Structures are given as C-alpha cells and as structure tokens.
Amino acid sequence: MGLFSNKIDKGQLKPGDHIYSWRNAYIYAHHGIYIGDGKVIHFTRGGGQEVGTGTVMDRFLFSSSTSPADHPCPICGDQTTISGVIMSCLDCFLAGGDLYVFQYGVTPALFIAKARGGTCTLAVSDPPHDALHRANYLLQNGFGGYDIFKNNCEDFAIYCKTGLLVVTNISVGRSGQATSFVAAATAIVSSPLRFLTTSFAGLTAVAGTMYCISRLVSDIGVRRDVIKIPVESLVSGSGTKVA
C-alpha cells in the first residue's frame, strides 16, 4: 500500500479490515467489513445499486450486480434482489474490481493529499474484534434505510470500525464520498473568496482550497456532532434507529 494508493493483495487482508472496491470506472466505491474466510459484510440497496437514488439517475450510476440471476455465485447464490446488510464472498463484493483498504488515524496532511474522498479518515478505529462484533450484529438486525448521503455503505463500514454516529439533523453522514461530492459542488458558489479573483487559475486555486477545507472539517475525526453509540442501542422493538 503506497502513499497515494490503498490497494492491497488478498493475502494481506485481516478480519476486521474496512475494505472497498471502485465501481463504474472509479465513479464511486463500495465499502464493507472483511470478516475472514473470504467473506465480507456490507450494506447495499440491492441489485448492485450501492449508490442508487431511486430516480432516473440510477441508469447512469447503476453498478452491475455482484451475482446476477443468470449466473449466480456458487457460494453466495443470487443476491440481486437482496437489500440491507448482507454477507457475500470476497469475489462477489469486489465485482471484478481491485481490493483497497480504508485507512484510519491518518494525519491532516495525508488526508488532504488523498484528495478523493472515501479512502481514509482522521478518526481512530476500534480494535478489530469490535468491528467484527458490530458487523455481525448488524447483519442480523439491519442498519436502517439506505440513503446515498446520510446512511450508505461507507457509513456502515465506518460505524463498524468506530461506533460513531452523526447526532445532528444535517444532510451528510460520515461518508467521505458524500462529503467530497458536497464539497466539490459548493466549493465555488458558497465561497466569498471567489470574488477575489476572476482568472481561471485563481478560481481553480480558490475551489481547491475550499474543497480541501470542506472535506477536512466534515471528517468524523474532527466533527463535534458525532458520538459513540453501542451497536445494541441501534435496534429497538420497531427496527433500527439509524439514519
């Protein structure tokens, strides 16, 4: 694993690792918790639509199913209609993509250097056995409704590793991918610094600076609207209370 790449070999995997694989030409990444024996617990909308919005945009964001009905995986079977927290073999999880490991406890400098969101966080992870306990508990009890911005696959994996949940009613959860999208969309239009320059280079510098600042202050490692919640407290008699 290099400075700018979190790519690893399967032989380097350890139970409790937060892993991910890029989908659709690196448009987004799908995240999960490796539990050992070639199995991964992850959170999905079903049909491979890990970033599905339920709108016409899904036809552009749709990811090929990890185990299509016409060629079901001999280990996992047909998972095309399953949604929520599921367990898949590592090959189905990767869906033909490369394997990457999410980094915890990185420095602010390294966090900014990894400009693509959804690869690392300043937050420190709990021991692997805690991540495994949370992942297996949520496999049995669910993780609430899937939401691309507030409660997605990366949010699930980050919670399993840290036990942290957002307690304020804001538009973005713990996901670095979601916060990067919001940061990029608002880097110029929301910044008063845009009025200080009219050159393309100046606007680019302003946008880049605002993007990095927005990502950094939105990371769960520095936010003040997150608290550690035991996984058993997420479930009530009426279902999960996540998101």
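The values are calculated or read from the model by the stated rules, or taken from the named source; none is laboratory data. Owing to the predicted nature of the structure, the values given are computational and were not obtained by experimental measurement. Neighbour counts are summed over all protein chains in view; Cβ atoms, including those assigned to glycine, are modelled from backbone coordinates with ideal geometry.
Do we find a residue being part of a helix (DSSP H, G or I), touching a Lys or Arg at 6+ places or on another chain (Cβ under 7 Å) and over 18 Å from Asn6 (Cα atoms) anywhere in the stretch 129-142? So far as the stretch 129-142 goes, yes, one or more of its residues are part of a helix (DSSP H, G or I), touching a Lys or Arg at 6+ places or on another chain (Cβ under 7 Å) and over 18 Å from Asn6 (Cα atoms). Does the stretch 142-151 include one or more residues that are modelled with pLDDT under 95, aliphatic (A, V, I, L, M), surrounded by 17 or more Cβ atoms within 10 Å (Cβ to Cβ) and within 17 Å of Ala29 (Cα to Cα)? Taking every residue of the stretch 142-151 in turn, at least one turns out to be modelled with pLDDT under 95, aliphatic (A, V, I, L, M), surrounded by 17 or more Cβ atoms within 10 Å (Cβ to Cβ) and within 17 Å of Ala29 (Cα to Cα). Within the stretch 71-114, being among the hydrophobic types (A, V, I, L, M, F, W, C), exposed (fewer than 15 other Cβ atoms within 10 Å of the Cβ) and assigned to a loop (DSSP other than H, G, I, E, B) holds for one residue alone: Ile75. In summary, Tyr159 fulfils each of the numbered conditions (1) exposed (fewer than 15 other Cβ atoms within 10 Å of the Cβ); (2) closer than 23 Å to Val226 by Cα with the single exception of condition (1). Scanning the stretch 119-140 for residues being surrounded by fewer than 18 Cβ atoms within 10 Å (Cβ to Cβ) and of a type in the set (S, T, N, Q) gives a total of 2.
Taking the criterion of being under 14 Å from the mean Cα position of the chain (by Cα) and of a type in the set (D, E, K, R), the only residue of the stretch 109-130 that qualifies is Arg116.
Restricting attention to the stretch 8-40, the residues that are surrounded by 14 or more Cβ atoms within 10 Å (Cβ to Cβ) and in a strand (DSSP E or B) add up to 16. Does Ile170 meet the test of being modelled with pLDDT under 95, farther than 24 Å from Ile41 by Cα and in a loop (DSSP other than H, G, I, E, B)? Yes.
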